[in-house]
Amino acid sequence: MKSLQQSYRRAGMCLPPLMLVLAALLLGCQQRSAPKMEAAPAPAEAAPAASPSASFDHTVFDRILQAHVENGLVDYASLKAEDEADLDEYLQSLADAKGFDGSDDELAFWLNVYNAGVIKGILERYPNVKSVMDIEGFFDDKRWRAAGRLRSLNEIENEIIRPRFEDPRIHFILVCAAQSCPPLPNRAMEGKTLQSQLDRATRDAINSPKYVQVDPDAKVLRLARIMSWYRKDFEAEAGSLQAYVLKYIEDPGKSQLQGADYTVQFMDYDWALNDAGATR
């Protein structure tokens, strides 16, 4: 402040005290360096969301099914001895899936998760298991990590697959490890072939007397119990169970059902394990 007063006096000028204070503050601000401002980073370009087909390979599961599924039944003994570690690795690869878009790739993913989880759940207790009904919490326990969190089999089926895709053909692909379940396909589901896989599984089941029986004399249509449990899914698609069966059944059943009203009855359900070894 004193040097500032002296410089003004040498110039023959006299400043009032308030002006001297303001001048000193201004001089001090000019002498401090301004903070260095870094340019804001450019926003990162969002990576495209991964689709199941791009991120997840079902080849391992496909090989396991081809090696250990015979006529729709699972050879649990050979699978446990030879490929359980590969099944574990496959399930782990699906744990953090993301980028789903309601496509056939996504539906294939969830169908495979369900069936692989059922098989693994049996292997954990095999050979000391005769039915999934003997395993407490088999369908309700949240123990299968898929798409970022733990899920139960019932959640996968009833909160994801059924409401999201509204396709009753899935009931002929999802296999609950029981003898009365539809036959387990010996190939993994793949988005690019899923529609033909769903059609084939549905047609095979509906043309098997294990799942559909037509009695033209009594005008009775006997159906697998799953068509009772999920009746509303089939009726939403075709209007009635008989109409749904007519979409896929071949002669003579097709000609017998056409133009006649049948009474629908449901077969008993066999919860015994779908073990290929037990039939040998």
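The values are calculated or read from the model by the stated rules, or taken from the named source; none is laboratory data. In this text, all values refer to a predicted model and were calculated from it rather than measured experimentally. As a convention, Cβ positions derive from the backbone with ideal geometry for all residues, glycine included, and neighbour counts pool all protein chains shown.
Computed values, structure above
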quantity: Those residues of segment 76-106 which are acidic (D, E) and in a loop (DSSP other than H, G, I, E, B), in sequence order; calculated: D83, D96, D101
quantity: Which numbered condition S103 fails, given (1) over 19 Å from A177 (Cα atoms); (2) among the small types (G, A, S); (3) surrounded by 17 or more Cβ atoms within 10 Å (Cβ to Cβ); calculated: (3)
quantity: Segment 205-234 residues that are in contact (Cβ under 8 Å) with a residue 40 or more places away in the chain, paired with ones that are hydroxyl-bearing (S, T, Y) (beta carbon under 6 Å, 6 or more apart); calculated: I206/Y248; K219/Y262; V220/T263; L221/Y262; A224/Y211; R225/Y269; F234/Y244
quantity: Per-region count, segment 135-188, residues closer than 22 Å to S103 by Cβ, aliphatic (A, V, I, L, M) and touching a residue at least 60 places away in the same chain (Cβ under 8 Å); calculated: 4
quantity: Enumeration of residues in segment 151-173 that are of a type in the set (A, V, I, L, M, F, W, C) and buried (at least 21 other Cβ atoms within 10 Å of the Cβ); calculated: L153, I156, I161, I170, F172, I173
quantity: Subset of segment 139-150 (residues that are buried (at least 17 other Cβ atoms within 10 Å of the Cβ) and within 11 Å of the chain's Cα centre (by Cα)); calculated: W144, R145, A146, A147
quantity: So S208, is it modelled with pLDDT of 95 or more and closer than 30 Å to F61 by Cα; calculated: yes
quantity: Selection from segment 106-138 of residues that are buried (at least 21 other Cβ atoms within 10 Å of the Cβ), over 13 Å from A188 (Cβ atoms) and of a type in the set (A, V, I, L, M); calculated: V118, I122, V132
quantity: Count of segment 237-265 residues which are in contact with a strand residue (DSSP E or B) (Cβ under 8 Å, 6 or more places away or on another chain), of a type outside the set (G, A, S) and closer than 21 Å to R225 by Cβ; calculated: 9
